[in-house]
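J.: Got a structure here, written out as structure tokens. Questions coming.
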Amino acid sequence: MKVAVAGCCHGALDKMYETLELLQRRHDVRPDLLLCCGDFQAVRNEADLRCMAVPAKYRHMQTFYRYYSGEKKAPVLTVFIGGNHEASNHLQELPYGGWVAPNIYYLGYAGVVRFRGVRIGGISGIFKSHDYRKGHFECPPYNQQTIRSAYHVRNIEVFKLKQLKRPIDIFMSHDWPRSIYHYGNKKQLLKMKSFFRQEVESNTLGSPAASELLQHLKPTYWFSAHLHVKFAAFMQHETNSKEELPKATKFLALDKCLPHRDFLQIIDVEHDPNAGDSLEYDAEWIAVLKATNSLVNVTQSTWNMPEKNGLHAKWDYSVTEEAIKEVLEELNHDLKIPCNFTLTAACYDPSKPQKNMEPVHTINPQTTEFCAQFGLTDINDRIQQAKEESSGRGECEEEEEEEMDSTGSAEEPSEYNTDNSGLSSFNPDEIMLDEEGGDEDLSTCSVDPSPDHPPEFSTSFSDIRIMPDSMAVSSDDAMDSNNEELEKSGGSKQVEEKSSTERSLKRISGDENGNSGVKKIKRRNQAIYAAEDEDKTD
């Protein structure tokens with residue numbers, strides 16, 4: 001079957017689907033499935049815009065709301081993961097995945113589904129070491145910290161995915177797996193994006209958590225986005241035994257969805273011709289969710305996943321064939337995901353804008369039904385219970401935030417010793433966020449939505465590329481070093497470059513000053529945002 005893969009959508013659904021229609025008209029190619037690798041921006045209304053961690057000038061309604069309201073319907077089944085520019089309150093309603101609109105399915109914090117026998121997995125968000133070992137504690141209305149931490153990858157999601165034993169055909173992540181650039185045309189990448197050089201040469205570009213999953217899952221295809229550049233790589237995996245057959249992963253990073261950009265890729269994937277056309281649950285993944293349900297954490301306390309180190313009575317949560325069989329029996333061998341999409345928020349009305357609409361914490365009926373069916377913890381329900389218990393003890397939210405800020409910099413070091421925001425260098429193609437603070441309150445600033453008129457579609461769009469049978473390219477080895485990057489805690493400021501020893505000390509103690517660092521960030525972001533404006537005028 002033919003699968004279309006898109007990079008950062010940034011809410012431009014009309015543009016994406018129009019491109020697919022053009023593909024059909026020009027080349028008589030109609031994809032059976034569309035995958036989107038994050039920054040989907042499923043924005044339903046003005047309140048959702050307030051929950052999207054971007055400066056106010058980039059908060060535009062775009063076109064998703066038309067699909068949410070039923071005015072339009074996605075012409076092809078669309079499956080996506082979350083990125084770092086999302087309506088986090090909306091996606092948070094579906095921690096285990098679900099429909100955000102008819103024919104548009106979100107994979108959740110992490111998830112695995114099947115379509116026509118093809119096994120598709122993904123993990124949402126981006127890696128940040130200072131939040132990696134926390135639970136999913138955030139809920140709207142978000143503050144300056146939680147509006148960002150809400151989309152940071154957590155170790156429990158990586159742990160769940162690492163319990164999988166059966167082969168994965170396709171996997172998606174928003175940020176790149178760290179080190180993947182060593183398996184492609186690195187010289188060409190650095191020629192296009194010279195500001196990647198520092199991270200590439202120090203081997204700090206990308207997510208170490210995604211790299212860990214890549215080495216464990218060894219999927220046939222791995223797709224990413226985030227860095228707004230197209231890049232292909234071919235990774236041959238090491239075998240664990242003589243009996244194990246060699247495996248390789250074809251990696252592809254996609255550009256963002258803009259005119260003049262080659263942002264769509266079409267691949268041919270072997271599928272089961274006898275399988276139906278419905279999106280299906282994956283029995284092993286459901287069994288893993290059931291097995292790891294006791295590990296669910298909705299606090300901001302940091303903790304490590306069970307491992308074989310003498311401290312845990314159980315560390316292997318992979319599931320048996322019997323457990324998978326039980327899931328199949330529970331479902332009467334009908335794995336079809338129910339089309340139970342439900343409106344949970346008012347839809348944007350261009351004729352009646354509501355600039356002061358506030359976000360609320362919502363329990364989605366899809367999640368309630370899913371958890372009840374499989375005996376899982378409803379994360380949002382647990383968060384609400386925790387808030388009520390906290391309120392009953394007379395603990396106000398402000399006190400909790402102060403406690404978080406005062407202890408966050410002194411937390412036990414993460415199992416990953418480097419932080420990652422996708423980029424620490426200047427990248428004029430990426431909307432970088434000032435993680436260390438700034439002069440704008442993202443949670444309270446004004447919202448100025450504007451109806452998104454469908455852009456004129458023309459041949460100015462790049463032709464869609466068809467992926468060749470082999471994406472193998474010669475590996476251009478680069479120097480590896482053990483340089484460590486400063487981990488930024490939630491309330492710390494970016495500081496000037498120090499020695500590795502000083503950076504390690506800063507990791508533990510934090511820095512409450514760093515005024516020059518803040519100014520540097522602002523100048524960098526101003527240039528980045530200006531470059532983004534230029535892209536939008538192309």
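The values are calculated or read from the model by the stated rules, or taken from the named source; none is laboratory data. None of the values given here were measured: they were computed from a predicted structure. Quick reminder, even Gly has a Cβ in these numbers, built from the backbone with ideal geometry, and neighbours come from all protein chains shown. Note: accessible area is taken over every heavy atom of the protein model, side chains too, but ligands, DNA and RNA are not part of it. Shrake-Rupley method; radii C 1.70, N 1.55, O 1.52, S 1.80 Å.
J.: Might you check whether a residue that is surrounded by fewer than 24 Cβ atoms within 10 Å (Cβ to Cβ), of a type in the set (S, T, N, Q) and either within 17 Å of Cys339 (Cβ to Cβ) or touching a residue at least 40 places away in the same chain (Cβ under 8 Å) (or both) occurs anywhere in the range 70-91?
T.: So far as the range 70-91 goes, no, none of its residues is surrounded by fewer than 24 Cβ atoms within 10 Å (Cβ to Cβ), of a type in the set (S, T, N, Q) and either within 17 Å of Cys339 (Cβ to Cβ) or touching a residue at least 40 places away in the same chain (Cβ under 8 Å) (or both).
J.: Here's another thing I want to ask about it. Could you please let me know if Asn297 is free of Cβ contacts under 8 Å to residues at least 60 places away in the same chain and not in a helix (DSSP H, G or I)?
T.: The answer is no for Asn297.
J.: Filter the range 98-132 down to the residues that are in a loop (DSSP other than H, G, I, E, B) and open to solvent by 10 Å² or more (accessible area, probe 1.4 Å) and list them by number. Spell out how you get there, then give the answer.
T.: Step one: filter the range 98-132 for residues in a loop (DSSP other than H, G, I, E, B), giving 102-103, 107-109, 116-117, 124-125, 127-128.
Those that are in a loop (DSSP other than H, G, I, E, B) and open to solvent by 10 Å² or more (accessible area, probe 1.4 Å): Pro102, Asn103, Tyr109, Arg116, Gly117, Ser124.
J.: Considering Lys242, Lys250, Lys256, Lys290, which residue is loosely packed, with under 15 Cβ neighbours inside 10 Å and either part of a loop (DSSP other than H, G, I, E, B) or over 19 Å from the mean Cα position of the chain (by Cα) (or both)? Don't jump to the end; show me each part of the working.
T.: Values: Lys250 fails: loosely packed, with under 15 Cβ neighbours inside 10 Å; Lys256 fails: loosely packed, with under 15 Cβ neighbours inside 10 Å; Lys290 fails: loosely packed, with under 15 Cβ neighbours inside 10 Å.
Every option except Lys242 fails the conditions.
J.: What's the number of the only condition in (1) open to solvent by 20 Å² or more (accessible area, probe 1.4 Å); (2) of a type outside the set (A, V, I, L, M, F, W, C); (3) within 29 Å of Cys37 (Cβ to Cβ); (4) in contact (Cβ under 8 Å) with a residue 60 or more places away in the chain that Gln265 fails to meet?
T.: That leaves (1) as the condition not met.
J.: For the range 11-18, check the following and say yes or no: at least one residue is assigned to a loop (DSSP other than H, G, I, E, B) and either in contact (Cβ under 8 Å) with a residue 60 or more places away in the chain or of a type outside the set (Ser, Thr, Tyr) (or both). Talk me through it step by step, then tell me what you get.
T.: We begin by selecting, within the range 11-18, every residue assigned to a loop (DSSP other than H, G, I, E, B); these are 11-12.
Pick out the ones that are also either in contact (Cβ under 8 Å) with a residue 60 or more places away in the chain or of a type outside the set (Ser, Thr, Tyr) (or both) and you get 11-12.
Yes, the range 11-18 contains at least one residue that is assigned to a loop (DSSP other than H, G, I, E, B) and either in contact (Cβ under 8 Å) with a residue 60 or more places away in the chain or of a type outside the set (Ser, Thr, Tyr) (or both).
J.: From the list Thr368, Thr302, which residue is modelled with pLDDT of 90 or more, surrounded by 12 or more Cβ atoms within 10 Å (Cβ to Cβ), over 30 Å from Glu71 (Cα atoms) and of a type in the set (Val, Ile, Thr)?
T.: Working: Thr368 fails: over 30 Å from Glu71 (Cα atoms).
Unique residue meeting the criteria: Thr302.
Here's the yes/no breakdown for (1) assigned to a loop (DSSP other than H, G, I, E, B); (2) open to solvent by 50 Å² or more (accessible area, probe 1.4 Å); (3) aromatic (Phe, Trp, Tyr); (4) more than 30 Å from Leu49 (Cα to Cα):
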site	(1), (2), (3), (4)
Ser318	yes, no, no, yes
Glu322	no, yes, no, yes
Cys339	yes, yes, no, no
Pro350	yes, yes, no, no
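J.: Does any residue in the range 167-187 that is of a type in the set (Lys, Arg) come within less than 7 Å, Cβ to Cβ, of a residue that is part of a loop (DSSP other than H, G, I, E, B) and surrounded by fewer than 24 Cβ atoms within 10 Å (Cβ to Cβ) six or more places away or on a different chain, and which pairs are these?
T.: Arg178/Asn203; Lys186/Asp476; Lys186/Ala478; Lys187/Asp476
J.: Determine whether the range 31-44 contains at least one residue that is surrounded by fewer than 20 Cβ atoms within 10 Å (Cβ to Cβ) and modelled with pLDDT of 95 or more. Before you say what the answer is, go through the steps one by one.
T.: Our first condition is that a residue be surrounded by fewer than 20 Cβ atoms within 10 Å (Cβ to Cβ); within the range 31-44, this holds for 32.
Applying the additional criterion that residues be modelled with pLDDT of 95 or more yields 32.
Within the range 31-44 (the criterion being surrounded by fewer than 20 Cβ atoms within 10 Å (Cβ to Cβ) and modelled with pLDDT of 95 or more), the answer is yes, since at least one residue qualifies.
J.: Considering the range 11-30 alone, what residues qualify as being open to solvent by less than 30 Å² (accessible area, probe 1.4 Å) and closer than 17 Å to Tyr67 by Cβ?
T.: The first filter runs over the range 11-30 and keeps only residues open to solvent by less than 30 Å² (accessible area, probe 1.4 Å), leaving 11-17, 19-20, 22-23, 29.
Scanning the range 11-30 gives Gly11, Ala12, Leu13, Asp14, Lys15, Met16, Tyr17, Thr19, Leu20.
J.: Which condition does His60 not pass, out of (1) assigned to a loop (DSSP other than H, G, I, E, B); (2) open to solvent by less than 20 Å² (accessible area, probe 1.4 Å), if it passes all the others?
T.: Exception for His60: condition (2).
J.: On to the next question. Yes or no: Thr367 assigned to a loop (DSSP other than H, G, I, E, B) and in contact (Cβ under 8 Å) with a residue 12 or more places away in the chain? Reasoning before the result, please.
T.: Values: assigned to a loop (DSSP other than H, G, I, E, B): no; in contact (Cβ under 8 Å) with a residue 12 or more places away in the chain: yes.
It is false that Thr367 is assigned to a loop (DSSP other than H, G, I, E, B) and in contact (Cβ under 8 Å) with a residue 12 or more places away in the chain.
J.: Go through the range 165-195 and report how many residues are assigned to a helix (DSSP H, G or I) and surrounded by fewer than 20 Cβ atoms within 10 Å (Cβ to Cβ). Give the steps one after another, and end with the answer.
T.: Here is the first cut: in the range 165-195, the ones assigned to a helix (DSSP H, G or I) are 180-183, 186-192, 194-195.
Among the residues that remain, those that are also surrounded by fewer than 20 Cβ atoms within 10 Å (Cβ to Cβ) are: 182, 187-188, 190-192, 194-195.
Final tally of qualifying residues: 8.
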